[in-house]
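Visitor: Pasting a structure here, questions to come.
The values are calculated or read from the model by the stated rules, or taken from the named source; none is laboratory data. Bear in mind the structure is a predicted one, so any value in this text is a computation, not a measurement. Just so you know, the surface numbers come from the protein's heavy atoms only, side chains and all, with ligands and any DNA or RNA stripped out. Shrake-Rupley method; radii C 1.70, N 1.55, O 1.52, S 1.80 Å.
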Amino acid sequence: MKAIFLHCYYGDIVDEMLTAISRVNFPFNLYVNIVEGPEQHVIYSKVISLFPNAIGFISDNKGHDIGGQLVLMNHWLTTDMVEDEIIFLQTKKSPQHIEGGNEWRRELMRVITPENTDIIKEKFNSNRTGMIGSSRWLITDEKQCYHFLQPELLQLCGFCGMNNIESKNFGFIGGTMFIVKAKIYRDFFTKNNPLKIRGLLTSTAYAHAAERLLGF
């Protein structure tokens, strides 16, 4: 059993995301966070019509996509669900990319396509593998991982007791859509309250730093 965390900000991409989720070939529980606004009830209706057992939340946009995922993480920690992996998905757009980031989003979403299920299962049989995402968007360059966000990352890593900066142990999936072994995040976020981390995300820079934190 897997957990799918879906964060919804852009209403025009929700149908695409829900259609992709409906095609997966593995059992899952769906957790959905919707950013409050004029589209929130329409989005919620779409989710429930396809997935009546989905667990849904409506939150403000603090922390952007990462903030919404932290809302879901906070709830997930209170459940007694036994899920082996967590899949992070979001209605991703980017005006800096071709077609507004459509290609980027669809590449990242390959973590849930049926043709990749077996290889992901095989990779996760190894104790050396904790996270899987699009290799094209795996970012390990020190400048991209750290230098542009030094103050924010130093504060977040310090808050969570992480030594990635000192050890130069960098790497994250650009776009924050990936699949991760659930135990890794359950252990980490049990020690580091997700809502307290969300409270630190007071700017877009902090949200981008938290994206890296999830990879670290």
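Visitor: Given the rule -39500 (n - 2.57) for each run of at least 4 DSSP H residues, summed and divided by the residues of the chain, what is its mean residue ellipticity at 222 nm, to the nearest 500 deg cm²/dmol?
Guide: Roughly -12000 deg cm²/dmol at 222 nm, from the helical runs in the chain.
Visitor: Can you tell me the convex hull volume per residue for the stretch 20-79, based on C-alpha atoms, in Å³ to the nearest whole number?
Guide: Taking only Cα atoms, the stretch 20-79 has a hull volume of 95 Å³ per residue.
Visitor: Can you put Lys123, Lys2 in order of accessible area, largest first, using a 1.4 Å probe?
Guide: The most accessible residue leads, giving Lys123, Lys2.
Visitor: Let me check the size of the stretch 90-192 from its C-alpha atoms; what are the radius of gyration and Dmax in Å?
Guide: Radius of gyration, then largest Cα-Cα span, for the stretch 90-192: 15.3, 41 Å.
Visitor: Working only with C-alpha atoms, what are the Rg and Dmax values of the stretch 167-216, expressed in angstrom?
Guide: Calculated on Cα positions, Rg and Dmax stand at 11.4, 29 Å.
Visitor: If you take the C-alpha gyration tensor of the stretch 49-131, multiply each eigenvalue by 5 and take the square root, what semi-axes do you get, largest first, in whole Å?
Guide: In descending order, the three semi-axes are 23, 22, 13 Å.
Visitor: Ok, one more. Ignoring everything but the protein chains, give the 1.4 Å probe accessible area of Ser126 in square angstrom, nearest 10.
Guide: Approximately 40 Å² of Ser126 is accessible to the 1.4 Å probe.
Visitor: Here is a further query. Provide the per-residue ³J(HN,Hα) series for the stretch 138-152, in order, calculated from phi with Karplus coefficients 6.51, -1.76, 1.60 and θ = phi - 60°, each as a whole number of Hz, with x at glycine and proline positions.
Guide: 7, 10, 10, 5, 4, 5, 5, 7, 9, 4, 6, 9, 4, x, 5
Visitor: Give me the compactness ratio for the chain, meaning the Cα radius of gyration over 2.2 N^0.38 Å.
Guide: Cα Rg divided by the expected 2.2 N^0.38 Å: 0.97.
Visitor: Report the number of Lys pairs in the chain whose alpha-carbons are under 15 Å apart, with separation of 8 or more residues or on distinct chains.
Guide: Close lysine pairs under the 15 Å cut-off: 8.
Visitor: Please report the accessible area of Met131 (heavy atoms, 1.4 Å probe, ligands and nucleic acids excluded) in Å², nearest 10.
Guide: 60
Visitor: I'd like the distance between the alpha-carbon centres of the stretch 157-216 and the stretch 100-136, rounded to an integer number of Å.
Guide: 19
Visitor: Express the relative contact order of the stretch 48-187 as a whole percentage, based on alpha carbon pairs under 8 Å and six or more residues apart in sequence.
Guide: 31
Visitor: How much accessible surface does Thr204 have with a 1.4 Å probe, in Å² rounded to 10?
Guide: It works out to around 70 Å².
Visitor: Would you mind telling me the share, in percent, of accessible area of the chain contributed by carbon and sulfur at probe 1.4 angstrom?
Guide: So the carbon and sulfur contribution to the accessible surface is 51 percent.
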